[in-house]
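Comments concern the structure below.
The values are calculated or read from the model by the stated rules, or taken from the named source; none is laboratory data. Bear in mind the structure is a predicted one, so any value in this text is a computation, not a measurement. FYI the Cβ positions are ideal-geometry reconstructions off the backbone, even for glycines, and counts take in every protein chain you see.
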Amino acid sequence: MAVATFGESVKRTEDPRLITGRGKYVDDVRLTGMAHLAFVRSTYGHANIKSIDTSAALNAPGVIAVFTGADLQEELGGLPVGWMLPDLKQPPHPPLAYETVRYLGDAVAVIVADSAYQANDAVDLVEVDYEVLPAIVNGEEATKDGAPQLHEEAPNNIGFDWEVGGGDYAEAIKDPDVIVVKERIVNQRLIPNSMETRGVVADYDVGKGNITLYTSTQIPHLVKLLFSLVTGWPEQKVRVIAPDVGGGFGSKLYLYAEEVVAGIVARQVKRPVKWIESRSEAYVSTAHGRDHICDAEIAGKKDGEIVGIKVDLYANLGAYLSTFAPLIPTYLFGLMLGGVYKMPNIDCKVHGVFTNTTPVDAYRGAGRPEAAYLVERMVSRFAQEIGRDPIVVRRKNMLQAHKNGREVTTGVMYDSGDYKGNLNKALEIFDYKQFRADQRAARREGKLLGVGIATYIEICGMAPSAVASSLGAGAGLWESSNVRVHPTGKATIYIGTSPHGQGHETTMAQLVSSELGIPVEDIEVLHGDTDQGQFGTGTFGSRSLAVGGAALFNSLQKVKAKTHRLASHLLEADPKFVTFSNGTFAVEDIADKTLTIQEVAGQAYAAANLPDGMEPGLEEVSFFDPQNFAWPNGTHICVVEIEQDTGKVEVQRYVAVDDFGNVLNPMIVDGMTHGGVAQGIGQALSEQAVYTDDGQLLSGSLMDYALPSADMFPMMELDRTVSPSPSNPIGVKGAGEAGTIAASPAVMNAVVDALAHLGVMHMDMPATSEKVWRAIQDAKEAQRAARATARAAK
Amino acid sequence: MRVYLETSGKGPTMSTEITVTVNGTAHTEAVEPRLLLAHFLRDVLDLTGTHVGCDTSQCGACTVHLNGEAVKSCTVFAVQADGAEVTTIEGLADGDTYSNVQQGFWDEHGLQCGFCTPGMIMTSEALLKQNPNPTEEEIREGIAGNYCRCTGYQNIVNAIGAAAKAGK
């Protein structure tokens with residue numbers, strides 16, 4: 001490997017260990033004397049705990065201890081909420097329930113045993129006597145009179161009522177030319193399913209009183225902070241290590257009960273303890289995503305002009321507030337209801353509701369997929385209502401291109417974008433006119449072919465801390481970096497972000513290499529160990545490069561400034577005439593006066609000949625907090641064919657044109673786009689968490705939850721437009737969530753388009769074969785009935 | 001095969017002695033009859049490259065080769081592998097030379113978080129052994145028993161295609 005450049009598809013440096021089975025995930029951590037944990041979990045959706053008998057479990061082979069919620073009530077504290085809203089109800093959230101269980105899987109006790117098999121055996125020996133209570137799982141029904149109540153702090157199960165808007169929607173629809181189209185939009189509950197489940201190893205140092213948590217997380221530094229706040233453990237005695245992490249998609253972005261319990265139990269038994277979540281356990285104990293029930297309206301004129309959108313949303317929070325739960329259906333949803341359109345009037349009300357279900361929090365896209373799905377479904381629904389092409393309607397209402405800030409109706413400032421240019425590029429690649437001709441021909445042959453288009457914009461690059469704090473953030477959202485150039489000119493950097501598949505070891509090294517001219521193989525990228533470097537925020541919200549990469553860039557500029565000054569001094573030249581490129585300092589017009597950055601680094605440590613006032617060494621730290629978010633946007637186009645007789649939907653073609661700003665490593669960005677799109681298609685066609693009315697999870701394992709497999713997808717066709725973001729010094733926007741945001745509306749618009757000539761106007765996700773088949777039968781029945789009525793009228 | 005009872009601890013545990021050849025090395029160990037092959041490889045032999053991603057035999061992360069056939073090692077008891085030859089992800093490369101499939105995964109960016117990767121690679125190896133020149137559709141069907149949540153499978157399909165090409 002040589003010196004890398006910005007924009008080059010550098011192959012990943014993580015891969016050699018991962019393709020040979022030498023990665024190190026939490027379950028691969030082995031410590032001397034390590035015991036194993038297994039949790040006893042509620043088998044009911046809602047119940048009072050009358051008593052717990054642990055005696056049989058305590059006598060089981062290998063069992064060291066059993067702790068109930070009551071045993072550890074003091075030590076465990078309550079799980080925190082990291083985002084405040086006005087009048088937010090915050091019922092206590094004990095890591096182990098001790099009076100009442102409020103969802104299937106709520107943990108009530110923990111077994112400590114010599115082996116994982118023995119710990120799991122003993123789970124079945126714990127006898128919990130429950131008084132079963134009525135349960136409620138539907139977020140809208142839960143607010144009605146007579147619904148079972150979860151928390152006395154939250155009357156009618158309402159955790160918060162929140163609103164956002166702009167313009168005057170009520171006034172706008174008084175215009176007699178305005179048509180209002182209403183639809184109930186449901187965004188179903190999803191289960192994230194990172195391929196590695198969660199897990200934690202807690203190592204208590206009896207002598208020092210320190211605790212080390214190895215945990216599968218996206219936010220090691222925040223876990224350290226929150227663990228310390230919850231348990232009272234002094235922060236300097238808490239170390240959190242996120243080793244190789246096997247995916248997260250938002251679900252590893254919180255402080256979880258098991259992390260707290262493992263730390264406290266390790267101290268109790270004075271042995272290292274390990275807990276690895278089973279997949280079926282993950283289905284109830286790891287946060288779910290989405291679950292919106294929404295009454296939506298879109299208003300516009302016959303010529304296609306859209307005047308506004310109105311939303312009344314019931315957002316299911318689950319049984320307790322997970323760390324970022326209040327943020328997801330509010331700001332990350334409501335602020336995005338204008339999409340890439342002028343949308344002059346917006347009226348959005350959100351009710352956050354407690355139910356007897358697993359807590360709901362961020363899942364890839366987190367609020368933005370729900371917003372984009374709603375906006376794009378409603379725009380296409382409106383186009384269908386007025387009999388116009390969905391492209392024409394979109395183009396008529398799109399924002400003009402801008403390079404440096406455009407305030408929109410919800411009050412936020414989009415950074416940069418050329419929305420029409422992006423749309424046009426996607427249409428050109430796709431060849432829309434040809435498709436419509438093909439579709440007509442296919443219909444004549446009795447085939448159901450449909451095209452769906454979705455544009456999107458998303459709020460990314462999670463920072464500006466002051467803004468986030470004013471909206472309710474409980475912590476700063478800046479990012480950090482440390483660059484240490486060693487005396488030999490090789491470098492070790494510590495980044496505050498915490499990759500779990502994003503390839504930061506490659507991309508961050510690539511950025512260092514492109515700035516300093518040091519070969520990629522000479523750069524070690526450290527992350528995820530709170531004792532190895534400065535505080536960092538973590539990886540979520542497509543923020544790592546836009547905030548963390550920018551923090552790294554700023555450290556690199558400091559290194560460049562110092563080495564430039566030192567090199568000029570050593571070369572005895574005026575700094576004005578000293579150039580730096582490809583790792584070499586040179587004096588203009590003097591061929592033999594050069595120094596490599598490696599030589600300059602050596603001199604910085606030798607400190608034998610430094611300029612006046614310069615400190616020895618070569619190490620720089622930066623904390624970057626941008627002035628604005630970054631706003632990726634784009635256009636996705638999907639073609640589906642539906643089998644008439646079975647209702648089976650097949651995605652035939654998928655074109656995505658995204659604007660991620662500048663792109664550091666196209667290979668990695670494309671890979672993330674593929675994965676995001678696949679998750680969006682999964683939501684549109686197959687995935688759904690299903691509860692019974694009394695709180696049992698029917699889709700409770702990988703056998704019952706339809707995770708997409710390789711045979712569900714065509715080869716996706718990707719392209720890009722580039723509007724550099726003015727929000728950070730490297731002009732990047734973020735690419736982790738875009739695919740998931742755009743794909744579900746693109747697919748569902750295609751499904752509805754394929755059935756539009758039958759009179760289908762909307763369908764809820766997932767568009768399973770059964771649902772589609774029924775829609776076809778219902779539509780045909782309605783057409784027959786209409787024909788009969790018409791005949792009778794004659 | 002020898003079976004005996006251990007009486008240490010709070011109760012007797014039945015153990016069975018098995019010999020399994022893993023990546024060319026024979027290992028003789030006493031194991032509980034209920035021990036899964038996946039856990040034998042990971043926890044007894046410390047070969048942690050084989051991952052466990054589910055508890056219902058769906059995800060395929062634990063795929064290894066048992067006497068040359070791809071199996072989900074969470075669905076095989078260790079005692080069933082007594083006398084057998086097992087190849088895991090750790091045994092695939094020849095020294096510093098990766099197999100064509102491993103190289104394909106690296107070249108084509110066929111992995112992101114890497115957790116499904118060992119199983120995906122072992123399945124791909126078996127697929128190419130059966131069908132050295134698969135079509136895209138055959139590749140997609142061939143790996144449909146392995147889940148990946150990061151890549152949308154696209155670059156995995158490309159990686160297997162590249163490996164097939166390199167194998168010609």
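Miscellaneous remarks
- The set of residues in region A:732-782 that are among the hydrophobic types (A, V, I, L, M, F, W, C), out of contact with any Ser or Thr (no Cβ under 8 Å at 6 or more places or on another chain) and outside any helix (DSSP H, G or I) comprises A:Val760, A:Met761, A:Met763, A:Ala767.
- Counting only strands (runs of 3 or more DSSP E) that sit wholly inside region A:272-348, those with at least 1 residues that are within 14 Å of chain B (Cβ to nearest Cβ) are A:273-276, A:289-300.
- Matching residues in region A:1-31 - criterion: being of a type in the set (Val, Ile, Thr) and within 14 Å of another protein chain (Cβ to nearest Cβ): A:Val10, A:Thr13, A:Ile19, A:Thr20, A:Val26, A:Val29
- Listed by position, the strands (runs of 3 or more DSSP E) inside region A:477-581 whose residues that are aromatic (Phe, Trp, Tyr) and touching a residue at least 24 places away in the same chain (Cβ under 8 Å) number at least 2 form an empty set.
- Listing of strands (runs of 3 or more DSSP E) fully contained in region B:52-168 that carry 3 or more residues being buried (at least 19 other Cβ atoms within 10 Å of the Cβ) and either more than 9 Å from chain A (Cβ to nearest Cβ) or modelled with pLDDT of 95 or more (or both): B:63-66, B:69-72
- Among residues of region A:45-67, those that are crowded, with 23+ Cβ neighbours inside 10 Å, away from chain B (no Cβ under 13 Å) and closer than 21 Å to A:Pro272 by Cβ, counted: 1
- Residue list for region A:154-183, filter: under 30 Å from A:Met84 (Cβ atoms), more than 25 Å from the chain's Cα centre (by Cα) and surrounded by fewer than 15 Cβ atoms within 10 Å (Cβ to Cβ): A:Pro155, A:Asn156, A:Asp168, A:Ala170
- Qualifying residue in region A:76-93 (condition: farther than 26 Å from A:Leu327 by Cβ and either over 35 Å from the mean Cα position of the chain (by Cα) or away from chain B (no Cβ under 14 Å) (or both)): no
- Some residue of region A:360-380 being of a type in the set (S, T, N, Q) and either surrounded by fewer than 20 Cβ atoms within 10 Å (Cβ to Cβ) or over 24 Å from the mean Cα position of the chain (by Cα) (or both): yes
- Enumeration of residues in region A:235-271 that are of a type in the set (S, T, N, Q) and either part of a loop (DSSP other than H, G, I, E, B) or closer than 14 Å to A:Ala65 by Cβ (or both): A:Ser251, A:Gln268
- Any chance A:Gln683 is closer than 25 Å to A:Thr355 by Cα, touching a strand residue (DSSP E or B) at 6+ places or on another chain (Cβ under 8 Å), at pLDDT 95 or above and assigned to a helix (DSSP H, G or I): yes
- For region A:28-67, the set of residues classified as more than 28 Å from B:Gly53 (Cα to Cα) and polar (S, T, N, Q) consists of A:Asn48, A:Ser51, A:Thr54, A:Ser55, A:Asn59, listed by residue number.
- Among the residues making up region A:167-214, those that are β-branched (Val, Ile, Thr) and in contact with a Leu (Cβ under 9 Å, 6 or more places away or on another chain) are A:Ile185, A:Ile191, A:Val200, A:Val201.
- Output for region B:140-168, where each listed residue is closer than 21 Å to A:Ala706 by Cβ, under 19 Å from the mean Cα position of the chain (by Cα) and of a type in the set (Val, Ile, Thr): B:Ile143, B:Ile156, B:Val157
- The numbered conditions (1) in a loop (DSSP other than H, G, I, E, B); (2) crowded, with 22+ Cβ neighbours inside 10 Å are all true for B:Arg42 except (1).
- Count of region A:736-794 residues which are surrounded by 13 or more Cβ atoms within 10 Å (Cβ to Cβ), closer than 30 Å to A:Gly247 by Cβ and not aliphatic (A, V, I, L, M): 12
- Answer residue from region A:224-243, given it is within 15 Å of A:Gln532 (Cβ to Cβ) and touching a residue at least 24 places away in the same chain (Cβ under 8 Å) and is nearest to the chain's Cα centre (by Cα) among those: A:Ala242
- Residues that are buried (at least 22 other Cβ atoms within 10 Å of the Cβ) and either more than 9 Å from chain B (Cβ to nearest Cβ) or among the polar types (S, T, N, Q) (or both) within region A:683-704 comprise A:Gln683, A:Ala684, A:Leu685, A:Glu687, A:Ala689, A:Tyr691, A:Gly695, A:Leu697, listed in sequence order.
- Residue-level analysis places A:Val485 among those that are surrounded by 23 or more Cβ atoms within 10 Å (Cβ to Cβ) and not acidic (Asp, Glu).
- Under the condition of being away from chain B (no Cβ under 13 Å) and either surrounded by fewer than 17 Cβ atoms within 10 Å (Cβ to Cβ) or part of a loop (DSSP other than H, G, I, E, B) (or both), the residues counted in region A:32-44 number 5.
- Residue match in region A:96-107 (condition: closer than 20 Å to A:Val261 by Cα, at pLDDT 95 or above and surrounded by fewer than 17 Cβ atoms within 10 Å (Cβ to Cβ)): yes
- Flag for A:Val663 being of a type in the set (A, V, I, L, M, F, W, C), buried (at least 16 other Cβ atoms within 10 Å of the Cβ) and not in a helix (DSSP H, G or I): yes
- When we screen A:Gly647, A:Gly602, A:Gly613, A:Gly661 for residues that are modelled with pLDDT of 95 or more, touching a strand residue (DSSP E or B) at 6+ places or on another chain (Cβ under 6 Å) and away from every other protein chain (no Cβ under 14 Å), the only hit is A:Gly661.
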